[in-house]
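Here's the structure we're looking at; comments come further down.
Read-outs: derived from the displayed coordinates by stated rules, not from any lab. From a predicted model like this one, the values you see are computed outputs, not experimental measurements. Here the Cβ positions follow ideal geometry from the backbone for every residue, glycine too, while neighbour counts run over all protein chains shown.
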Amino acid sequence: MDLEIKRARRKKIASDRPRIKWDGLTPALSREMGEKLIGMGAWSGSGDADAMWNKAASCIREVASKVLGVSRGNFGGHKGNWWWIGEVQGKVEEKRLLTLSGWNA
């Protein structure tokens, strides 16, 4: 009797959804965001906790997307392969052959 276990594949993150560029956050931009959030009333405490959380989160997303900007949401592919030219491939192959033949290069 053979036992076969199948694992479900992970779903890829939706690439069409724009993402906020949080890595561009600086102290000056955080102060600007704080002022805008106070102006929007994001921290006003009215209603239950879920409603307050949703209001604050939506205000933060809105302000952050305006101040920091958003990405297009598309991944540019493998950007690290540009250097993999013929010369480099030849060197790698040479080193691989030396290693296989017993030499440490």
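Summary table
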| item | result |
| --- | --- |
| Cα-centre dipole for the range 17-73 with unit charges at Cβ (Lys and Arg positive, Asp and Glu negative), debye to 20 | 340 |
| Kirkwood Rh in Å, taken over all unlike Cα pairs in the range 17-73 | 12.0 |
| Sequence-separation-based contact order of the range 17-73, relative, with Cα cut under 8 Å and 6+ spacing, percent | 64 |
| Residue order, fewest to most beta carbons within 10 Å, for 60, 5, 38 | 5, 38, 60 |
